[in-house]
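To keep things clear, I will list the structure first and then write my remarks on it.
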Amino acid sequence: MNTDRPSTTALFPISYLFVPGNRPERFAKAVEAGADAIILDLEDAVHPESKAAARAAVWAWQESTPSVASQRFIRLNSVSSALFRQDLTWLGDMRYPERCAGVFLPKAEAPQALARVVEQLLAWQPQLHIVAIIETAKGLQQVEAIAAIPGLARLAFGSLDFSLDINCAQVPEAFLYARSRIVLASRTAGLPAPIDGVTPSINDLAVVAQDSLYARSLGFGAKLCIHPAQLATVQRAFLPDAHQLAWADRVMSAVAGGSHAVQVDGEMVDLPLIEQAQRLLNLARRYAAVAKTGAC
């Protein structure tokens, strides 16, 4: 098994849009809406009696659609469930595994069992981007070990399920410890910045923007979405704005002579801020290049 970490460039979706697996009429619409990645959902969005129909619909779309502008992910059922074993059999029979960019593994809790699953999935599709969703207290307690699993590509925070599991309010302060720990575990393991959970609000985009900016301020690099209307707001929130990019340009111009201590806009700028400016510029350029090629 290849244990190298996937490149950050290859794993650069900012907006991930859930689509119920049993609603095939929405698959192409989700791509057309401009999502960086779509998640064909076999888990929470699909009633138990509709799981087989959802698998059949996803299979048919994968077969008939060689390429799309968005990355295609599939959220499988919980690793500990009988439904997951059915999912693995179904995946193993798929004729075009390369059309699946990645999978989301919900309710990630047991590192050893998860590591075996990751190995199985990479044997099926060696370039697969596997995302573990931390959404229970047990998962959070094991997040460092989960993040260190060879072949794992990214972590995500399932905030709604987490609030249900620990019976807390869905407010920022209740999630702060969990979010911070997921961010630190990702950084320590050399993973890309993690993916924040969904915002239930669909019509109030100010709430979506507020949630996205807050997650970004804590170190998250992307967000799960449940409606196409949320996509543009999420993408803007996680990318540097014109003011930030202009500042970064001024900083890099000021240090062009090789100095690591310069004055920009009347303030002292040293190496950490220089590196931050370069990071902002790299982020904007890489996302623009990925969006242009459709290969995010």
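Every number in this text was worked out from the coordinates using simple rules, so none of it is lab data. Predicted, not measured: the structure shown is a model, and the values here were computed from it. Cβ sites come from the backbone with ideal geometry, for glycine too, and all protein chains shown count toward neighbours.
Scalar couplings 3J(HN,Hα) for the range 94-102, obtained by applying the Karplus form with A = 6.51, B = -1.76, C = 1.60 to θ = phi - 60°, are 5, 7, 10, x, 5, 6, 9, 6, x Hz; x denotes Gly and Pro. For the chain, set up a Gaussian network in which alpha carbons nearer than 10 Å are linked by springs, and say which option among D270, D41, D204 fluctuates the most. Between D270, D41, D204, it is D270 that shows the largest mean-square fluctuation. For trypsin sites (Lys or Arg not before Pro), the sites in the range 30-114 that DSSP calls loop and that have at most 16 other Cβ atoms within 10 Å are R95. Centre-to-centre, using Cα atoms only, the range 242-286 and the range 134-149 are separated by 36 Å. Cross-link reach is defined here as a Cα-Cα straight distance under 19 Å, omitting same-chain residues fewer than 8 places apart; for K107 the aspartates and glutamates meeting it are D41, E43, D44, D87, E119, E135, E144, D161, D165, D196. Computed from Cα positions, the angle between helix 82-92 and the longest principal axis of the chain comes to roughly 80 degrees.
Springs join every pair of Cα atoms under 10 Å in this Gaussian network model of the chain, and among V68, V264, V131 the largest mean-square fluctuation is at V264. By other beta-carbon atoms within 10 Å, ranking T136, T188, T199 with the fewest at the front produces T188, T136, T199.
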